[in-house]
Amino acid sequence: MRIVLCNKYFFLNGGTEHYLSACLEELPRRGHEAVPFSVAYARNWPSPFDRYFLPAPGDPRQTHYRTIRPTPLSLVRHVERMLYSFEANRVLGRLLDAVGGADIGYVLNVYNYMSPSILRAFRARGIPTVVRFGDYSPLCANYAFLRGDTPCTECARGGFWHGIVHRCVKGSLAASTLRVASMYLHRWLRLYENADAIIAPCAFMYDRLLEGGFPAERLHHIPQPALPLAPVEPVPKGDYILYFGRISREKGLDTLIKAYCALNPAEDLLLVGNAFNGYGEELRALIPPGLRHKIRFLGFQGGEDLSRLVAGARLTVVPSRNYDNAPLAVLESALAGTPVLGAAIGGIPELLRPGVTGELFRSGDAVDLAAKLGALLADRDRLARMGEAGKRFTEEHFSLSRHLDTLTGLFADLVARRKSHG
């Protein structure tokens, strides 16, 4: 099959791009042709298809809203791509003409920089399309089901106007209004009815999509696959606890720091990742002077450096306060033989077996987190057994091979169904 994979970023920005990269690498090994379609940013990976990518809405070096210097043209392009992008449809058509069409369109994260309007471009050519939601973008104005520090699902059943009332997008009335307007427009245009199948990477998200009005016959739960980090030689366990990922409010790191400071264990706490919207400074302000040498912010780490940090940790903590759907940190830690202490919220409980491969605590509860953390650190033999069990459990239930077997089986069924209907 020739599969066109659509995503707004074509560089490593987060878990979706890690997944995209794995698909582009593994699908050809299975005899399929994988063709990317993205936005032409300066940081992109090289590709023979990049001449057919959608032009960046502004300067190609400015990849995120916080880095964009607005111009009249870039503002118009951003609004168009948030609402409905005729340009994206036209450019995608040019790519499809160049490669001789496609058997399947696989749409990942296209919001605000590409537009879900491309679903209609595929449908117009009779190409079956599968959408995979990595966040709650069709149901929540800020994608995270989070209002302030509190999980919120007021918009989940279609009452998107709550996003304006609560200014859910960056605290801005204008940004929230524009985003909510785009959600109502996409629903009015029935854009997602152009998708033949919709994939949820966890059962929790599947249930939310079902409640939000997506029909059960087109919904599919295909679990998030475990994507291994860069291979490294075995490393001994170090005396540290690890968090790695975005350092942003929805990740609940203030809960982790409060719990750590109350417990004050012998192990250090390492925080790995880029900080956003001043949250890093808020976290530093929570740390008493006597513990500042033990809580270390290491910034972004990648490749073998990150692999060694994950493999050498006593355990990884995933303290999310929002309905995190399927955080890769849980699965990547397990593959490295490192147990996980995760918040019991969203899809996190689906990724581990409490007491066997890791442990859960009440999201946002620093007292419960400190108690669970202390109990785990007090029994290193148990931690080692959890790490070994987590590796086996993850390899069995969340392998990329198993994921792609299910995914390509769905693709083949849709292609056969479309052909049988002419």
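Details
- Pair-distance profile P(r), taking every C-alpha pair of region 19-168, with 10 angstrom steps and integer %: 10, 34, 35, 18, 3
- Per principal axis, descending, Cα span of region 240-397 in whole Å: 42, 29, 29
- Assuming charge only on the beta carbon of Lys and Arg (+1) and of Asp and Glu (-1), the dipole of region 240-397 about its Cα centre is about 280 debye to the nearest 20.
- VAL79 paired with LEU291, simple spin-label distance in nm, labels 7 Å along Cα-to-beta-carbon: 4.8
- For region 115-142, backbone nitrogen atoms closer than 14 Å to the point 7 Å from HIS220 Cα along Cα-to-C-beta are found at 128-133.
- For the chain, relative contact order (Cα pairs under 8 Å, six or more residues apart, normalised by length) works out to 12 percent.
- Size of charge dipole - the chain - debye, nearest 20, with Cβ of Lys, Arg +1 and Asp, Glu -1, no other charges: 980
- Across the chain, the volume of the C-alpha convex hull divided among the residues equals 139 Å³ per residue.
- Site pair GLU211 and ARG94 shows an inter-label distance of 4.3 nm when each label is modelled 7 Å from Cα along Cα→Cβ.
- For region 1-30 and region 147-177, distance of Cα centres in Å: 31
- Residue order, fewest to most surrounding Cβ atoms within 10 angstrom, among VAL318, VAL272: VAL272, VAL318
- Region 213-356, relative contact order in percent, only Cα pairs under 8 angstrom and at least six apart counted: 29
- Lys, Arg +1 and Asp, Glu -1 on Cβ, resulting dipole of region 20-122 about Cα centre, debye, nearest 20: 340
- Estimated FRET transfer efficiency (VAL165, ALA384; beta-carbon r; R0 41 Å; 0.05): 0.25
- Within the listed set PRO349, PRO231, PRO36, the residue fluctuating most in the Gaussian network model of the chain (springs between alpha-carbon atoms under 10 angstrom) is PRO231.
- Isotropically averaged projected area of region 303-395, using the convex hull of Cα atoms (one quarter of hull area), nm²: 5.4
- Computed FRET value (nearest 0.05) for TRP45 with ALA412, which takes r as the C-beta separation and R₀ as 22 Å: 0.20
- Entries in LYS258/LYS294; LYS8/LYS170; LYS258/LYS372 that, when Cα-Cα distance is taken, lie over 18 Å: LYS8/LYS170
- Under the shape rule built on the C-alpha gyration tensor, where the axes satisfy a ≥ b ≥ c, region 21-91 is prolate, since a/c reaches at least 1.5 and a/b is greater than b/c.
- Region 183-303: C-alpha gyration tensor shape, a/c 1.5 cut-off, then a/b vs b/c: prolate
- Computed Rg/Rh of region 170-216, alpha carbon atoms with Kirkwood Rh: 1.06
Every read-out reported here was derived from the displayed coordinates using simple, explicitly stated rules and does not represent laboratory data. Computed from a prediction, not measured in an experiment: that's the story for all the values here. Heads up, the Cβs are rebuilt from the backbone with ideal geometry, glycines too, and the neighbour counts pull from every protein chain shown.
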